[in-house]
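A.B. asks: Right, I'll just put the structure down here and ask away after.
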Amino acid sequence: MSHNPVRPWRNIDRRKSRQIRVGKVLVGGDAPISVQTMTNTITSDAKATIEQVMRCAVAGADIVRVSTPDQESTRALKEIVAESPVPIVADIHFHYKRAIEAAEAGAACLRINPGNIGDAARVREVIKAAKDHGCSIRIGVNAGSLEKHLLDKYGEPCPEAMVESGLDHIKILQDNDFHEFKISVKASDVFLAAAAYQQLADATDAPIHLGITEAGGLVSGTVKSAIGLGNLLWMGIGDTIRVSLSADPVEEVKVGYEILKSLGLRHRGVTIISCPSCARQGFDVIKTVAALEERLAHVTTSMSLSIIGCVVNGPGEALMTDIGFTGGGAGSGMVYLAGKQSHKLGNDKMIDHIVELVEAKAAEIEAAQARAEAAE
């Protein structure tokens, strides 16, 4: 992230990591922090899985992971990869042969769990398949499936055990002259995951995949992930993220972007700044914001919109946003453009009019970007 000399308290110094490629997506180095999710369809049902991958891609997913627990899944993977607009990661559970089949089917990356995949010889076979087919690998250490000898050594899952597991498997890849890998050390416990990631960041220059595994449902999992991932990202740790929710994978993508947007690390779509509403509101803020979120979901251009119920904070928030609306009296409010008062508007026309303004502003921004690119 570039330094902000005016507001230095917004600066985040990202950890320097190596850069790898997951299909067409660069991970690590100075590449944008990518957002991932994982399908929850039966992978062997290629049609259903492709449909879900498409919805996730439309929501902004850079990379999508699919589970490949059996041969039926890896057989379907070839069709899924061919139809997907984003790179597909094959999640390998226990059987190393599934990894080889996934590489042959065109997966962009293989996610292997060191505690489950088997001995070093089998890992070497997976490495060869990855090399032969241009796959990267994610070493996925999980507190719930650490190797027995590490549990015997440390007594329980702990940051030291998780990092040692990861470094052991990094050595196997490096000893086999394989360097296109990233690594994660996930746990459902926020403290454990955060401590493990901090130690890992100091121990390797490999790109880091962030996640709080098995975080929970939409609300609880979002909060847990925002705390865990948000703090790590604020420290500059993390090159790609996945928010794990017991919910539609599209929601994982949305939450991932909101975490990155809140830290200024990634921008996509309309950021709505809105008040929680109170007795002072001049219109129904909650229903208005819900409607605008739905109506503006198709806008991918980065911009800001403030929707504030009254004049206490409305004008101040509008100063900092591209478009704003502040509730007033007598069934109308004030529209702000680029921080300045523009015109009054009746509440009954507010949603349609704001959608029109946002779409026009998006077109203006996109046109300016196109002119700038053409001039280079």
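A.B. asks: If you roll a 1.4 angstrom probe over the protein chains with everything in place, what fraction of the accessible area of segment 27-77 belongs to carbon and sulfur, to the nearest %?
C.D. replies: Details: 1060 of 1960 Å².
Here carbon and sulfur together make up 54 percent of the probe-accessible area.
A.B. asks: Another question about this same structure. Please give the contour-minus-distance gain from LYS344 to THR300: 0.36 nm per residue of separation, less the Cα-Cα distance, rounded to one decimal in nm.
C.D. replies: Numbers: separation 44, 0.36 × 44 = 15.84 nm, distance 2.73 nm.
The LYS344-THR300 span can extend by a further 13.1 nm.
A.B. asks: Treating the angle as unsigned and between 0 and 90°, give the value, to the nearest 10°, between the Cα long axis of helix 190-203 and the longest Cα principal axis of the chain.
C.D. replies: With both axes taken from Cα atoms, the answer is about 70 degrees.
A.B. asks: Something else now. Calculate, in whole percent, how much of the Cα-Cα pair population of segment 91-203 lies beyond 21 Å. Can you show the working numbers first?
C.D. replies: Details: 2069 of 6328 pairs.
The share of Cα pairs beyond 21 Å in segment 91-203 comes to 33 percent.
A.B. asks: Additional query: How big is the accessible area of ASP322 in square angstrom, nearest 10, if you roll a 1.4 angstrom probe over the protein chains?
C.D. replies: Number for this one is 50 Å².
A.B. asks: Just by accessible area at a 1.4 angstrom probe, what is the order of LYS344, LYS186 from largest to smallest? Let's see the in-between values first.
C.D. replies: On the way: LYS344 155, LYS186 10 Å².
In descending accessible area the options line up as LYS344, LYS186.
A.B. asks: Now for a separate question. Once you've got the Cα coordinates, tell me which of LYS78/LYS186; LYS24/LYS261; LYS47/LYS224; LYS97/LYS148; LYS78/LYS171 are over 25 Å apart.
C.D. replies: Pairs exceeding 25 Å: LYS78/LYS186; LYS47/LYS224; LYS78/LYS171.
A.B. asks: Per q in 0.16, 0.17, 0.20 1/Å, what log10 I(q)/I(0) does a Debye calculation on the alpha-carbon atoms of segment 160-304 return?
C.D. replies: Taking Cα atoms of segment 160-304 as identical point scatterers yields -0.91, -0.99, -1.21.
A.B. asks: Still on this structure: Once the Cα atoms of helix 46-59 and of the chain are each reduced to a long axis, what angle between those two axes, in degrees from 0 to 90 to the nearest 10, is obtained?
C.D. replies: So the inclination is approximately 50 degrees.
A.B. asks: Let me ask something additional. Which value at 222 nm does the chain reach when only helices count, each DSSP H run of 4 or more adding -39,500 (n - 2.57), with the total divided by all residues and rounded to the nearest 500 deg cm²/dmol? Kindly include the intermediate steps, with their values, before the conclusion.
C.D. replies: Values: 13 runs with 166 residues, N = 376.
The helix-only estimate for the chain comes to -14000 deg cm²/dmol at 222 nm.
A.B. asks: How much accessible area per residue does segment 142-262 have, counting only protein heavy atoms and a probe of 1.4 Å, in square angstrom? It would help to have the intermediate numbers written out before the result.
C.D. replies: On the way: 4760 Å² over 121 residues.
For segment 142-262, the per-residue accessible area is 39 Å².
A.B. asks: What are the semi-axes of the equivalent ellipsoid of segment 238-290, taken as the square roots of 5 times the eigenvalues of the Cα gyration tensor, listed largest first and rounded to whole Å?
C.D. replies: Values: eigenvalues 153, 41, 15 Å².
Those come to 28, 14, 9 Å.
A.B. asks: Here is a follow-up. How large is the accessible surface of SER246 in square angstrom, using a 1.4 angstrom probe and rounding to the nearest 10?
C.D. replies: 100
A.B. asks: At a 1.4 Å probe radius, carbon and sulfur cover how many percent of the accessible area of segment 213-267?
C.D. replies: Working: 1240 of 2090 Å².
Carbon with sulfur: 60 percent of the solvent-accessible area.
A.B. asks: Against the globular-protein guess of 2.2 N^0.38 Å, express the Cα radius of gyration of segment 1-106 as a ratio, rounded to two decimals.
C.D. replies: On the way: Rg = 16.9 Å, N = 106, 2.2 N^0.38 = 12.9 Å.
Computed over Cα atoms of segment 1-106, the ratio equals 1.31.
A.B. asks: Show me the ranking of peptides 328-334, 51-57, 100-106 by mean Cβ neighbours inside 10 Å, starting with the highest. Don't jump to the answer; show the numbers that get you there.
C.D. replies: Working: 328-334: 15.6, 51-57: 19.6, 100-106: 22.3.
The densest-packed peptide leads the list: 100-106, 51-57, 328-334.
A.B. asks: Order THR37, THR300 by their accessible area, 1.4 angstrom probe, all chains in place, largest first.
C.D. replies: From most accessible down to least: THR300, THR37.
A.B. asks: Run the simple label-point estimate for GLU366 and VAL58 please: 7 Å along Cα→C-beta, distance reported in nm.
C.D. replies: According to this spin-label approximation, the distance is 1.6 nm.
A.B. asks: Another question, if that's okay. Quick one: compute a quarter of the convex hull surface over the Cα atoms of segment 158-208 and quote it in nm². Kindly include the intermediate steps, with their values, before the conclusion.
C.D. replies: On the way: hull surface 12.7 nm².
Spelled out: convex hull of the Cα atoms, projected over all directions, averaged, 3.2 nm².
A.B. asks: Follow-up. Classify segment 239-376: rounded, prolate or oblate, from the alpha-carbon gyration tensor (a ≥ b ≥ c, eigenvalue square roots; a/c under 1.5 rounded; otherwise prolate if a/b is larger than b/c)? Before the final figure, lay out the partial values.
C.D. replies: Values: a/c = 2.06, a/b = 1.29, b/c = 1.60.
Oblate is the answer for segment 239-376, as a/c is 1.5 or above yet b/c matches or exceeds a/b.
A.B. asks: I would also like to ask the following. Report, in degrees rounded to the nearest 10, the 0 to 90 angle that the Cα long axis of helix 285-295 makes with the longest principal axis of the chain.
C.D. replies: Helix 285-295 sits at roughly 60 degrees to that axis.
A.B. asks: Students often get this wrong: which residues of segment 220-262 have the backbone nitrogen under 15 Å from the point 7 angstrom along Cα-to-C-beta of ALA48?
C.D. replies: 248-249
A.B. asks: GNM on the chain, C-alpha springs below 10 Å: top fluctuator among ALA48, ALA194, ALA338?
C.D. replies: ALA338
A.B. asks: So what are the three principal axis dimensions of the chain from its Cα atoms, in whole Å, longest to shortest?
C.D. replies: Per principal axis, max minus min of the Cα coordinates gives 75, 44, 42 Å.
A.B. asks: Please work out whether segment 265-332 counts as rounded, prolate or oblate from its C-alpha gyration tensor, where a ≥ b ≥ c are the square roots of the eigenvalues and a/c under 1.5 means rounded, while otherwise a/b larger than b/c means prolate and anything else oblate?
C.D. replies: Values: a/c = 2.43, a/b = 1.62, b/c = 1.50.
The shape class here is prolate.
A.B. asks: Not counting ligands, DNA or RNA, and with a 1.4 Å probe, what is GLU258's accessible surface area in Å² rounded to the nearest 10?
C.D. replies: Taking all protein chains as shown, GLU258 has close to 100 Å².
A.B. asks: Determine the shape class of segment 311-355: with a ≥ b ≥ c the square roots of the Cα gyration tensor eigenvalues, call it rounded for a/c under 1.5, and otherwise prolate if a/b is greater than b/c, oblate otherwise.
C.D. replies: Working: a/c = 2.15, a/b = 1.31, b/c = 1.64.
Oblate.
The values are calculated or read from the model by the stated rules, or taken from the named source; none is laboratory data. Everything quoted here is computed from the prediction, not taken from an experiment. A quick note on method: Cβ atoms are made from the backbone with ideal geometry, for glycine too, and the neighbour counts reach across all protein chains shown. What goes into the accessible areas is simple: the full protein's heavy atoms, side chains included, and nothing from ligands, DNA or RNA. Shrake-Rupley method; radii C 1.70, N 1.55, O 1.52, S 1.80 Å.
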